[in-house]
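Please read the structure below before turning to the comments.
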Amino acid sequence: WALSKLWGYGFLQGIGPTAIVMGFLTLYDKYLWKLPVLNLLNNIPNLNGAYKGEIVYHYNEADGTKSCKLEIKQTCSVIKVKTIFNKDGESDTQSVSTEAFIKTDEAGDQYLYFYYHNPGSCKNGDTLDPHDGMNVLEILKDKKTIKLKGYYFTNRNPQTKGCMEVSKNPEGGK
């Protein structure tokens, strides 16, 4: 009724309420879901930011470790994960998520799942072939930190698999 007084009758009467709802949903998806009062409407943790840690891997019958950084960009409905790997004497490589989501199990524990693509590296004699893989990381939160801890595997031949543990940088830096 109030909108009909504002816009009059006709075409805009149907578009007006739709535009208001769509505008609110867009604001909620991008910004409002992070606010303590409004995040009661969902159970999605805010993982935005930079994380540091390491992977422990098994490849070609050998074990190793690499340092890694995760950069997570997130709205309420979309998560994008970029992972950068570094080991002394090797070129940095990076993976970018192709699909990512958060799942809450029956006990209330939350996990970040993401499929990724790594374009590989052939710089300076590197032999990392392009490959795809998946990570399953439990989201461990306390009042001051967020840790992501879990496992990953790839479609490389022979397969690479291992564990990853990263913590959010408190200053939010990279």
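The values are calculated or read from the model by the stated rules, or taken from the named source; none is laboratory data. Everything numeric here is computed off the predicted structure, so don't read it as measured data. Counting neighbours? That spans all protein chains shown, and the Cβs are built from the backbone with ideal geometry, glycine included. When the accessible area is computed, the model is the full protein with side chains, heavy atoms only, and any ligands, DNA or RNA have been set aside. Shrake-Rupley method; radii C 1.70, N 1.55, O 1.52, S 1.80 Å.
Some notes on this structure:
- Restricting the stretch 113-122 to residues that are out of contact with any Pro (no Cβ under 9 Å at 6 or more places or on another chain) and either within 16 Å of TYR151 (Cβ to Cβ) or not hydroxyl-bearing (Ser, Thr, Tyr) (or both), the residue that is most open to solvent (accessible area, probe 1.4 Å): CYS122
- Residue list for the stretch 135-156, restricted to those being open to solvent by less than 30 Å² (accessible area, probe 1.4 Å) and closer than 21 Å to ASP92 by Cβ: ASN135, LEU137, LEU148, TYR152, THR154
- Residue match in the stretch 89-112 (condition: of a type outside the set (Phe, Trp, Tyr), under 17 Å from ILE55 (Cα atoms) and in contact (Cβ under 8 Å) with a residue 40 or more places away in the chain): yes
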